[in-house]
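Beneath this line is the structure, given in structure tokens, with notes to follow.
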Amino acid sequence: RIMRLGEMNGLRDPDESGRFGEFGGRFVPETLIPACLDLEKSFKAAWADKAFRSRLDQLLSEYAGRPSPLTECPNLSKELGCRVLLKREDLNHTGSHKINNVLGQALLAQRMGKTRLLAETGAGQHGVATATAAALLGMECCVYMGEVDIERQKLNVFRMRLLGAEVRTALSGSRTLKDAINEAMRDWVATVEESHYCLGSVMGPHPYPWMVRTFHEVLGKEAREQSEERLGTVPDLVVACVGGGSNAIGIFSGFADSEAELVGVEPSGGAAVGRGVPGVVHGSRSFLLQDEFGQVLEAESISAGLDYPGVGPEHSHLADSGRARYESVTDEEVIEAFQLLSRMEGIIPALEPAHAIAWVSRERKSLEGKTVLINLSGRGDKDVGQMMEVLEVDDEK
């Protein structure tokens, strides 16, 4: 039997209007309404197609390298006083969780007759994953990236171009992820007949938040099975970083129906759940940073992948309902966590999941004796150059 979308976890599918409670929806120009409706229809049909699911599973296994392992951290556990395990999404092909969603969307775009993939990227990992899938399937690829992020993620820019993608610079606004999304959506409006917008997180107009979460549920399903096999039960806490929130919703999906506490960790300079209010950005209603006049505020983070003023609507619903809680950490705490995991376990994390590690490190007293599962959503290769500069400055001080 083909399972209903969302049936196997504690999360709920959105209603017919694409809303999770009061969040979500479809707020796009009229020219994109037919594209969104067609995407929703095509996604439902593909997910019910055994051949599509089989091809995706094959690629996830033979190309992306799933399942990703669960790694015990004995040294870090001793240091923090709690049992720490990592879900190793950093070991996927291209170095992060992004490949799960991108392979699904690329196959779907090909099935829909699209020839060109559009993407936005902040840290570059989603852009690299999209360029990778495009190369594999013989499609054109155009990735939008903010000028600031291009400067701090030069390695990933080169990787995208090496893979055959065109990388276009977003020069407006803060010149970061928000502005890259704006440019990608403008391109989509103009080229919707041949282009599929491969949105990289659980945000945007319906059906994107739902579809992207569904493609990432493989991560949560694996983590649940691995935890029960290793621990005999579920962990006390499941912790993941949150920007748009795709890696977090992926791992939360496996534990939402359990007793595990779900914790999303945002950057203090971009804490949409912690400091934001409901509003509409990039096609859906969610928590976002805005002033009293409704103008979107700029987010700030050492991590290019979390430098975003909003959050996915399902995360807003989980926060509003109390099923998950959302905390924030400072850049300084993230820098310390980046070094801590590297030195303790020989695993260099991306700056994004270093936020989750930072929160666990800070809260070690309250977590004493507990079992904590952290989603290590990406590896730190892309951030080493940036961190070299940061740590050299600190040494000089």
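For the stretch 23-42, indicate whether the set of residues that are open to solvent by less than 20 Å² (accessible area, probe 1.4 Å), under 30 Å from ALA358 (Cα atoms) and not in a helix (DSSP H, G or I) is non-empty.
Checked the stretch 23-42: at least one residue is open to solvent by less than 20 Å² (accessible area, probe 1.4 Å), under 30 Å from ALA358 (Cα atoms) and not in a helix (DSSP H, G or I).
Contact list please: Cβ distance under 9 Å, first residue in the stretch 26-41 and within 16 Å of LEU199 (Cβ to Cβ) and charged (D, E, K, R), second residue part of a helix (DSSP H, G or I) and open to solvent by 70 Å² or more (accessible area, probe 1.4 Å), pairs at least six apart or on different chains.
ARG26/LEU37
(1) within 18 Å of the chain's Cα centre (by Cα); (2) open to solvent by 30 Å² or more (accessible area, probe 1.4 Å): which one isn't true of GLU89, the others all being true?
(2)
Regarding SER258, is this residue touching a Phe, Trp or Tyr at 6+ places or on another chain (Cβ under 9 Å), under 26 Å from CYS73 (Cβ atoms) and in a loop (DSSP other than H, G, I, E, B)?
So SER258 does not fit the description; no.
Determine which member of the set GLN125, GLN105, GLN58, GLN110 is open to solvent by less than 10 Å² (accessible area, probe 1.4 Å) and polar (S, T, N, Q). Before the answer, list the steps.
On the way: GLN125 fails: open to solvent by less than 10 Å² (accessible area, probe 1.4 Å); GLN58 fails: open to solvent by less than 10 Å² (accessible area, probe 1.4 Å); GLN110 fails: open to solvent by less than 10 Å² (accessible area, probe 1.4 Å).
It is GLN105.
Hey, can you tell me all the residues within the stretch 155-172 that are loosely packed, with under 14 Cβ neighbours inside 10 Å and out of contact with any strand residue (DSSP E or B) (no Cβ under 7 Å at 6 or more places or on another chain)?
PHE158, LEU162, LEU171, SER172, listed by residue number.
Could you go through the stretch 225-239 and let me know if any residue there is touching an Asp or Glu at 6+ places or on another chain (Cβ under 8 Å), touching a residue at least 12 places away in the same chain (Cβ under 8 Å) and either within 30 Å of SER174 (Cα to Cα) or crowded, with 24+ Cβ neighbours inside 10 Å (or both).
yes
Out of the stretch 54-73, which residues are in contact (Cβ under 8 Å) with a residue 24 or more places away in the chain and out of contact with any strand residue (DSSP E or B) (no Cβ under 7 Å at 6 or more places or on another chain)?
Selection gives ARG55, LEU56, LEU59, LEU60, TYR63, ALA64, GLY65, ARG66, PRO67.
What's the total number of residues in the stretch 337-363 that are surrounded by fewer than 16 Cβ atoms within 10 Å (Cβ to Cβ) and not polar (S, T, N, Q)?
2
Would you be able to say whether some residue in the stretch 290-297 is closer than 24 Å to HIS126 by Cβ, open to solvent by less than 30 Å² (accessible area, probe 1.4 Å) and not small (Gly, Ala, Ser)? Talk me through it step by step, then tell me what you get.
Just the residues of the stretch 290-297 that are closer than 24 Å to HIS126 by Cβ, to begin with: 296-297.
Of the ones still in play, those that are also open to solvent by less than 30 Å² (accessible area, probe 1.4 Å) are none.
The answer is no; no qualifying residue exists.
Scan the stretch 282-321 for residues that are free of Cβ contacts under 8 Å to residues at least 24 places away in the same chain and under 17 Å from the mean Cα position of the chain (by Cα) and jot them down. Don't jump to the end; show me each part of the working.
Within the stretch 282-321, the first condition is being free of Cβ contacts under 8 Å to residues at least 24 places away in the same chain, and the residues that meet it are 288-295, 297.
Across the stretch 282-321, the qualifying residue is only LEU288.
Can you tell me which of (1) open to solvent by 30 Å² or more (accessible area, probe 1.4 Å); (2) in contact (Cβ under 8 Å) with a residue 24 or more places away in the chain; (3) over 18 Å from PRO34 (Cα atoms) is the one GLU194 doesn't meet?
Condition not satisfied by GLU194: (3).
Answer yes or no as to whether ASN182 is open to solvent by 30 Å² or more (accessible area, probe 1.4 Å) and under 20 Å from the mean Cα position of the chain (by Cα). Spell out the reasoning first.
Numbers: open to solvent by 30 Å² or more (accessible area, probe 1.4 Å): yes; under 20 Å from the mean Cα position of the chain (by Cα): yes.
Spelling it out, ASN182 is indeed open to solvent by 30 Å² or more (accessible area, probe 1.4 Å) and under 20 Å from the mean Cα position of the chain (by Cα).
Go through (1) crowded, with 24+ Cβ neighbours inside 10 Å; (2) touching a strand residue (DSSP E or B) at 6+ places or on another chain (Cβ under 6 Å); (3) farther than 30 Å from GLU225 by Cα; (4) of a type outside the set (Phe, Trp, Tyr) one by one and return the number of the condition ASP149 breaks.
Single failed check for ASP149: (2).
The values are calculated or read from the model by the stated rules, or taken from the named source; none is laboratory data. Since this is a predicted model, take the numbers as computed values, not measurements. Cβ: placed from backbone, ideal geometry, glycine included. Neighbour counts: every protein chain shown. For the accessible areas, the whole protein counts, side chains as well, though only heavy atoms, and no ligand, DNA or RNA atoms are used. Shrake-Rupley method; radii C 1.70, N 1.55, O 1.52, S 1.80 Å.
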